[in-house]
Amino acid sequence: MHKIIFPLTDPILVFMLVLFIVLLIPLLLRKTGIPTIIGLIISGIFIGPFAFNLVNQNDIIELFSKVGLLYIMFLAGLELDFSEFKKNKYQASTFGLFNFFFPFIAGYALGVYFFYFDILSSTLLGIMLASNTLIAFPSISKLGLQKAPSVTTAISGTVIADTIVLIVLAFLTSILSADSGQLNILYFLGYFSLFTLFVFLVLPKLSSWFIRRLANDGDLQFLFTLAVLFAVSFASEMVGAEPIIGAFFAGLAMNKLVPSSSTLMNRIDFVGNTLFIPFFLISVGMLVNLEILFQGYLPLVYAVILTFVAVAGKWFAAILTQLLFKQSKHETQVLFGLTTARAAATLAIAMIGLKNGLIDQDLFNAIIVLILLTSLFSSYLTERYGKKLLIEEDLKIRTADLINTNRILIPIGNPENAKNLMDLALLLHNPKDKEPLFPLAVIPDDKDARDRLAQNKSAMEKVVKQAGATGVLIQAVTRVDLNVPSAISRAVKELEISDVLIGWSGRASKEISKIFGNMLETILDSTCSNIIVSHLVKPINITQKMHIVLPENAEKEPGFAHWLSLIMSLCRQLSCNILVYSSENTLNETKAILSKRMKGISIQYKTILGWPQFEDGSIGNDTNLYVIINSRNHTISFDPKFYKLTYKLPKIFENNNVLNIYPPHKV
């Protein structure tokens with residue numbers, strides 16, 4: 001019989017214990033209001049080597065906790081909203097400098113005037129207090145606030161501060177080594193610059209090529225993304241930087257290829273938030289030795305002083321940013337909360353200081369307590385004010401009238417096109433909307449209807465499984481009807497559909513065009529919903545630029561705000577730029593509207609006299625998405641040339657994705 005010995009060393013038992021903690025802590029804390037992150041850290045204290053000694057810092061814990069920390073930084077880069085960053089780049093850069101210099105100056109002064117340290121030891125203490133780890137980011141992510149301006153500022157500020165910390169640390173370690181300090185710092189800056197150029201110039205193109213080749217294999221896409229994360233993290237370590245910087249850079253490089261509503265993003269989130277990140281949080285708790293609080297007064301005094309100075313430095317940075325950029329109270333508190341926690345970077349610096357005699361054991365123990373206290377405080381503050389910020393952000397959106405209730409119907413005619421259609425539907429679906437997606441199968445009412453129903457069941461199950469993996473509600477619909485267009489039209493009315501997403505391969509056959517044309521005409525005539533005809537030949541997440549073509553008077557249509565909201569959502573998900581084509585009058589009318597509603601997104605405008613001028617121009621590469629805003633017959637923006645484009649688009653843009661949108665004529 002196998003004997004259980006503590007601390008546990010059997011990988012199965014260690015894994016089982018941690019999984020039970022990850023499972024039970026959220027259940028136990030659900031009604032208490034205590035953040036799950038705090039529960040996981042405290043549970044790490046109790047099972048760790050300095051309490052009940054159920055598990056020590058073995059290879060399993062170390063491996064999963066390192067992966068968890070890398071995952072936090074990777075998700076931060078992956079979920080960073082580039083449009084918000086561009087819109088708030090001065091705020092983010094300013095806060096990043098404040099985020100480093102205020103805690104650094106406070107820590108340096110504390111070292112010189114309180115601990116009577118020399119310059120090296122005081123500088124080391126300063127960078128320990130200047131660094132921070134986004135421990136509370138999972139809480140923000142669960143609230144759906146990862147793209148909020150204050151969160152973007154916190155992430156950017158963390159990266160700027162930690163990068164400066166690493167440069168100063170490289171300088172200190174070069175002085176402590178036997179080599180030439182000046183030569184070491186030059187080597188580091190040179191290698192780090194080459195590494196940065198590769199990650200941001202070469203890696204996105206390489207990743208785009210892989211994603212395009214693996215378009216229909218979600219499992220391989222996920223494995224490729226993980227491979228990029230760990231390869232870039234290791235490369236970062238090789239050039240002398242911390243792996244967490246590499247993980248964040250990897251997230252930034254993959255940002256445009258992994259939309260936040262995609263199935264791939266859901267898989268990445270699921271694995272990180274349910275497995276790796278909880279391991280890291282538990283491992284933070286395992287570092288805490290509560291006995292040091294009873295081994296004399298010095299560690300406790302040091303811990304209190306260090307914690308006060310560390311928190312005060314980050315608080316001043318957040319408050320000054322609020323005063324300069326007029327943030328709300330809740331934005332400031334979330335910014336402050338996210339950047340308060342110290343963890344891996346602080347511990348690594350402290351261990352270097354202890355090893356080289358720059359700090360003593362009492363101060364090192366105090367820093368361990370500092371990590372615990374700031375982690376708990378950061379988690380509590382971020383969770384508390386994150387919920388208030390969520391209400392504030394929702395109110396802003398509703399006030400701006402940008403939330404539309406989207407009930408999207410996706411007729412599935414060809415199973416081969418189903419995946420691309422559902423991927424597009426997931427990107428168009430409002431993540432704050434609780435409405436389901438409605439994949440629709442229409443079975444011709446003939447003698448083979450029963451057999452087709454059985455075949456259709458398997459195809460619909462695949463569609464539901466794909467979309468269901470993202471957490472979006474799915475309500476599959478099946479209709480048996482003699483007429484496909486009338487079945488779609490009835491479903492639109494019965495289900496109160498706002499948008500119909502139709503896929504068309506664009507085959508050149510005149511008979512197919514005629515059949516499709518009759519079907520589209522029937523749907524347009526019998527419904528007032530937004531109709532989107534899609535021609536998708538590439539994975540839509542490789543899109544880098546969106547070309548939008550507007551007919552004359554498009555801005556005067558009642559459905560203008562509706563399609564604009566959809567395009568806004570799609571553009572933010574894809575992190576792409578926009579080029580708008582239209583007549584001079586329409587561009588003049590729409591510039592102010594687009595600039596106001598699409599802040600942070602790069603928008604260019606080009607005047608055209610009509611479609612032929614655009615058609616003769618350069619089509620561009622296959623990372624372009626062309627969006628044609630069409631119109632129904634007898635509407636103010638109706639143009640016969642635009643109206644007939646549906647059948648020409650696949651030929652004109654053979655290697656490009658195209659969306660042909662017929663806005664609703666009643667809203």
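Per-structure values
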| item | result |
| --- | --- |
| Within the chain, longest stretch free of exposed chymotrypsin sites (Phe, Trp or Tyr not before Pro) [DSSP loop, at most 14 other beta carbons within 10 Å] | 298-667 |
| MRE, 222 nm, helices only [DSSP H, n ≥ 4, -39500 (n - 2.57), over the chain, to nearest 500] | -19500 deg cm²/dmol |
| Integer Hz, Karplus 6.51/-1.76/1.60 couplings in order for the range 353-368, x for Gly and Pro | x, 5, 5, 9, x, 7, 9, 9, 5, 4, 5, 4, 4, 5, 5, 4 |
| Among I244, F270, L214 - extreme Cα towards positive end, dipole of the range 191-278, charges at beta-carbon | L214 |
| Amide H partners (placed H, <5 Å) of L437, local residues excluded | L473, I474, Q475 |
| Förster radius 41 Å - calculated FRET efficiency between F115 and L220, Cβ distance, rounded to 0.05 | 0.15 |
| Rh by Kirkwood over Cα pairs, then Stokes-Einstein D for the range 198-250 at 1.306 mPa s and 10 °C, µm²/s | 139 µm²/s |
| Farthest positive-ward along the chain dipole, Cα basis, beta-carbon charges - from A161, F316, N430 | N430 |
| Residue-wise HN-Hα coupling along the range 374-382, computed from phi with Karplus coefficients 6.51, -1.76, 1.60 (Hz; x: Gly, Pro) | 5, 5, 5, 5, 4, 5, 5, 5, 5 |
| Table column - 3J(HN,Hα) (Hz), the range 61-67, Karplus curve with 6.51, -1.76, 1.60, x for Gly and Pro | 4, 5, 4, 5, 6, 5, 4 |
| Sorted largest first, extent of the range 86-210 alpha carbons per principal axis (Å) | 50, 33, 25 |
| Packing rank of 533-545, 485-497, where each peptide gets the mean count of other beta carbons within 10 Å, highest leading | 533-545, 485-497 |
| DSSP beta bridges in the chain [antiparallel fraction, %, rounded to 5] | 10 percent |
| For V442, distant residues with modelled amide H under 5 Å away | I412, R479 |
| Geometric extent, Cα atoms of the chain - Rg, Dmax (angstrom) | 28.0, 92 |
| For peptides 162-169, 353-360, sequence by mean Cβ density within 10 Å, most packed first | 162-169, 353-360 |
| Net charge, F100 excluded, C-beta distance under 14 Å - Lys, Arg +1, Asp, Glu -1 | +1 |
| Accessible surface, 1.4 Å probe, highest first, among residues H547, H330 | H330, H547 |
| Per-pair calculated FRET efficiency, R0 = 56 Å: N56 and L482 via Cβ, rounded to 0.05 | 0.20 |
| Sequence-distant residues sharing a close amide H with V537 (under 5 Å, placed H) | N657, V658 |
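The values are calculated or read from the model by the stated rules, or taken from the named source; none is laboratory data. Bear in mind that the values here come from a model prediction, so they are computed numbers and not experimental data. Quick reminder, even Gly has a Cβ in these numbers, built from the backbone with ideal geometry, and neighbours come from all protein chains shown. We work out accessible area using only protein heavy atoms, side chains counted, and drop any ligands, DNA or RNA first. Shrake-Rupley method; radii C 1.70, N 1.55, O 1.52, S 1.80 Å.
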